[in-house]
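The values are calculated or read from the model by the stated rules, or taken from the named source; none is laboratory data. Model, not experiment: these values are computed from the prediction. Quick reminder, even Gly has a Cβ in these numbers, built from the backbone with ideal geometry, and neighbours come from all protein chains shown. Remember, those area values only see protein heavy atoms, side chains included, never the ligands or the DNA or RNA. Shrake-Rupley method; radii C 1.70, N 1.55, O 1.52, S 1.80 Å.
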Amino acid sequence: MGGLFVTLDGPGGAGKSTLAALIAGRLTAAGRPTLATREPSLSLIGVLAREHTDIIGGAALACLVAADRYQHLATEIRPALASGSTVICDRYVPSSYVLQQLDGVPLDFIRRLNDLADRPHLALLVTAAPSILERRLAKRGAHSRFEHQGSSSREAHLYDDLAAGALAADGFRLHRVDTGDISPQVATDAVMDLICSLSSRQ
């Protein structure tokens, strides 16, 4: 069975990390080789991009995130796929289209930076109503400058706009998973159905 590349993107508070962990756990329990990873990655470049958004922004951060992505693809994602593993990545190119644009970077520049990034077999847009996102963020706390700025509502709307526009045109056809009214387990079931369907076609 060939490798599958599955990505999860969406606004802060949507439950991406929880869903990614559940999917990876379900696949591992079923005996399927699985790599659970995230972006920015755990590499030196990724840690710099993740932990210093308070002092790095705009085009500089967009370039740093893209550099980490290409290193991540070369050293982790592509080798895992070549070995037949399923790769579950928490945030990928769609997050760059949204967050870097919110950070004042022109969309055309972001698209060019990420033009050589591999397209996933399954790209998930994990989201919920803005009021639910804000409530979840208030409960768990912000993880970055973007969430501290209270941009979840703007993020959600921008994901919706880009999903049918630039992201679709650039090969990222997002499957929407709304976590607002369903449990993480039900959301996992829905994603597992999609993964099984893709696997059966290989």
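Taking all protein chains together and rolling a 1.4 Å probe, Y97 ends up with roughly 0 Å² accessible. The alpha carbon gyration tensor of the stretch 35-131 gives principal lengths a ≥ b ≥ c with a/c of 1.5 or higher and a/b greater than b/c, which makes the shape prolate. Rounded to the nearest 20 debye, the dipole size of the stretch 1-111 about its Cα centre is 400 debye, using +1 on the Cβ of Lys and Arg and -1 on the Cβ of Asp and Glu. For the set C63, C89, the ranking by accessible area, highest first and with no ligand, DNA or RNA atoms included, is C63, C89 under a 1.4 Å probe. You can think of it this way: the chain between R201 and A82 has 41.1 nm of extra reach, that is 0.36 nm per residue less the Cα-Cα gap.
Quick one: length gained pulling A21 to C63 fully straight, 0.36 nm per residue minus the C-alpha distance? Display every interim value, and only then the final one.
On the way: separation 42, 0.36 × 42 = 15.12 nm, distance 2.76 nm.
So the extension gain works out to 12.4 nm.
With a ≥ b ≥ c the root eigenvalues of the C-alpha gyration tensor of the chain, is it rounded (a/c under 1.5), prolate (a/b larger than b/c) or oblate? Judged from the Cα gyration tensor, the chain comes out oblate (a/c at least 1.5, b/c at or above a/b). Between the beta carbons of V186 and D54, assuming R0 = 35 Å, the FRET efficiency works out to 0.45 to the nearest 0.05. Stretched out straight at 0.36 nm per residue, the stretch from A138 to Y70 would grow longer than its current Cα-Cα span by 21.2 nm. For the chain, with the dipole built from +1 on Lys and Arg beta-carbon atoms and -1 on Asp and Glu ones, taken about the Cα centre, which of P79, V98, L48 lies farthest toward the positive end? The residue sitting farthest along the positive end of the dipole is P79. Spin-label pair A30-A169: with each label point 7 Å from Cα along the Cα-Cβ axis, the two points sit 3.6 nm from one another.
To the nearest 20 debye, what charge dipole does the chain have about its Cα centre, counting +1 at the Cβ of each Lys and Arg and -1 at the Cβ of each Asp and Glu?
Dipole of the chain, to the nearest 20 debye: 340 debye.
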